[in-house]
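Notes to accompany the following structure.
The values are calculated or read from the model by the stated rules, or taken from the named source; none is laboratory data. Since this is a predicted model, take the numbers as computed values, not measurements. Ideal geometry is used to build each Cβ from the backbone, glycine not excepted, and the neighbour counts take in all protein chains shown.
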There are 2 protein chains.
Amino acid sequence: MTLIQLSEHKLFAGRQIKYQHHSDSVKGVMHFSVYLPPAAEKQKVPVLYWLSGLTCTDENFSVKAGAQRVAAELGIALVIPDTSPRGEHVADDAAYDLGQGAGFYVNATQEPWAAHYQMYHYISSELPALVEAHLPVSAAKAISGHSMGGHGALVIALREAGAYRSVSAFSPICQPSECDWGKKAFTAYLGKEQSQWLQYDASFLLAQKQNSLPMLIDQGEADQFYPSQLRTESLIEANQRSQSGAQIRLQAGYDHSYFFISSFIEEHLRFHARHLKG
Amino acid sequence: MTLIQLSEHKLFAGRQIKYQHHSDSVKGVMHFSVYLPPAAEKQKVPVLYWLSGLTCTDENFSVKAGAQRVAAELGIALVIPDTSPRGEHVADDAAYDLGQGAGFYVNATQEPWAAHYQMYHYISSELPALVEAHLPVSAAKAISGHSMGGHGALVIALREAGAYRSVSAFSPICQPSECDWGKKAFTAYLGKEQSQWLQYDASFLLAQKQNSLPMLIDQGEADQFYPSQLRTESLIEANQRSQSGAQIRLQAGYDHSYFFISSFIEEHLRFHARHLKG
């Protein structure tokens, strides 16, 4: 069996399911969670991929964001992958912002990371193929994420032209090439040559405007990582320079937590639904 | 300072706050979480108390249930206490269903529990007085809970005539005097004399009909603890015998998890709002 089902819970008349599978990309066992809305019992439904932030697994968004209520109403499936390869055989680091739980959605080229840390390929290629082959979903895809996962969602959507109908992010790391989190991770995974980093830098990619798609970003103004690690202003500038039309909103009083995500996830889902169903 | 604020997050335009305080009832430090809806900035709002189940703290409902979205809309505060006294000086047991995290909302009379395990008094008396003295809430109260907390909500509402406008429960332990969880806890906290247990048995209390108030109960039919530990049928029988008019609903396919709670919490909040605002 390609997909091994680990658990299932009825949720808003749909199904919250956790799967395990072998990944060729990361050469090991991966987990992900799925929410299938009631509509998926009768027809193929579009999918929103959600990429989580540092230290997270597929569980955080699944239990904290409150997204399934709206996904059930809109008839959208949610696919929620893990944030890195895992296991004793997988390279790791004692810090929370490198190694397991901190894959940064790149294809690592440096040792000891390159053997397993191929998260860009896993998320953008292997996982959608697996999901579309085995679950009742259509090829219509959108992507979103939080913090490191917001970075991942923006980078993947901007690079994979035509693959996603829309992209959104909460509190994304907008310019990893220029913040401490990004510099540390990219040096480890990609090496010291900074030209290699730009393919994973949403501000750089948006400024190039190699791809154009509907884009919605929310950033809390009381976020403890704003602006130093997140560098939202660099994305705002790239959006203006490239005239890409992204909605980038600053939300007064909100912080970096899932309480912020839960407050606005309904708006993000309705934004994606307009493009997924158009 | 009576209430020490440990954290605050903006959430659905309101405030999710965690407090610490000294409790006279349990003779030690207690924590609880509060959600204050936007309306509480301008006026006193009614309160729904939420009692959690075995192993929980104030965090579980705060992050998993998705209740704050509806509480914000309805203008209801949520108060979410811990499930027992805590700390090194507090008696405990290695099992998950006795001691810390498993207070069962009783006033213990047996050693070593009696010194601190006075959760009935804490929840029904000390905490509401504290909340009403220090937070922008009115005296209009409702109460709800899950599993052990559903038992607590039903027992407190049925015994404290006039104190609560309405009560609801998810997957409550309906007849603790006759299930393994309840017999173990009541023997430890209250002693072997079973006549002492009935004051904390919702099925017994409902059959007596000493108090009548609006009551809504949801029970998942795929719950792994149904019916053996929860004994919902005993509550259904007591409701019929006493003609109390409680709505007791069996929900096909749902289990004991917070996924079940999140699926129906909106209905429970709207049920309470009708009585809190009437």
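Within the bounds of the range B:183-197, is there any residue that is in contact with a His (Cβ under 9 Å, 6 or more places away or on another chain) and either surrounded by fewer than 20 Cβ atoms within 10 Å (Cβ to Cβ) or touching a residue at least 12 places away in the same chain (Cβ under 8 Å) (or both)? Within the range B:183-197, not a single residue is in contact with a His (Cβ under 9 Å, 6 or more places away or on another chain) and either surrounded by fewer than 20 Cβ atoms within 10 Å (Cβ to Cβ) or touching a residue at least 12 places away in the same chain (Cβ under 8 Å) (or both).
One residue stands out among those in the range B:222-240 that are in contact with a helix residue (DSSP H, G or I) (Cβ under 7 Å, 6 or more places away or on another chain) and hydrophobic (A, V, I, L, M, F, W, C): the one that is farthest from the other protein chains (Cβ to nearest Cβ), which is B:Ala238. Looking across B:Ser234, B:Ser262, B:Ser203, one residue alone is under 25 Å from B:Gly162 (Cα atoms), within 18 Å of the chain's Cα centre (by Cα) and among the hydroxyl-bearing types (Ser, Thr, Tyr). It is B:Ser203. For the range B:125-148, filtering for residues that are assigned to a helix (DSSP H, G or I) and closer than 22 Å to B:Thr187 by Cα leaves 1. Check off (1) within 30 Å of A:Gly66 (Cβ to Cβ); (2) out of contact with any Gly (no Cβ under 6 Å at 6 or more places or on another chain) for B:Phe260 and give me the number that stays unchecked. Failing condition for B:Phe260: (2).
The listed residues are A:Ala222, A:Ala207, A:Ala169, A:Ala238, and the only one of them that is crowded, with 22+ Cβ neighbours inside 10 Å, out of contact with any Pro (no Cβ under 9 Å at 6 or more places or on another chain) and without any contact (Cβ under 8 Å) to a residue 40 or more places away in the chain turns out to be A:Ala238.
Just to check your reading of the model, which residue among A:Glu111, A:Glu132 is surrounded by fewer than 23 Cβ atoms within 10 Å (Cβ to Cβ) and under 13 Å from A:Ala163 (Cβ atoms)? Lay out the reasoning, then the answer.
Working: A:Glu111 fails: under 13 Å from A:Ala163 (Cβ atoms).
Step by step, each of A:Glu111, A:Glu132 is checked, and only A:Glu132 is surrounded by fewer than 23 Cβ atoms within 10 Å (Cβ to Cβ) and under 13 Å from A:Ala163 (Cβ atoms).
A count restricted to the range A:241-278 and to residues that are within 14 Å of chain B (Cβ to nearest Cβ) and among the β-branched types (Val, Ile, Thr) stands at 2.
Restricted to the range B:1-107, the set of strands (runs of 3 or more DSSP E) holding at least 3 residues that are more than 12 Å from chain A (Cβ to nearest Cβ), within 20 Å of the chain's Cα centre (by Cα) and in contact (Cβ under 8 Å) with a residue 60 or more places away in the chain comprises B:28-36, B:45-51.
Please state which one of A:Ser147, A:Ser125 is small (Gly, Ala, Ser), within 23 Å of A:Ser262 (Cβ to Cβ) and modelled with pLDDT of 95 or more.
On the way: A:Ser125 fails: within 23 Å of A:Ser262 (Cβ to Cβ).
Among A:Ser147, A:Ser125, only A:Ser147 is small (Gly, Ala, Ser), within 23 Å of A:Ser262 (Cβ to Cβ) and modelled with pLDDT of 95 or more.
Screening A:Met215 against (1) surrounded by 18 or more Cβ atoms within 10 Å (Cβ to Cβ); (2) within 14 Å of chain B (Cβ to nearest Cβ) leaves a single unmet condition, (2).
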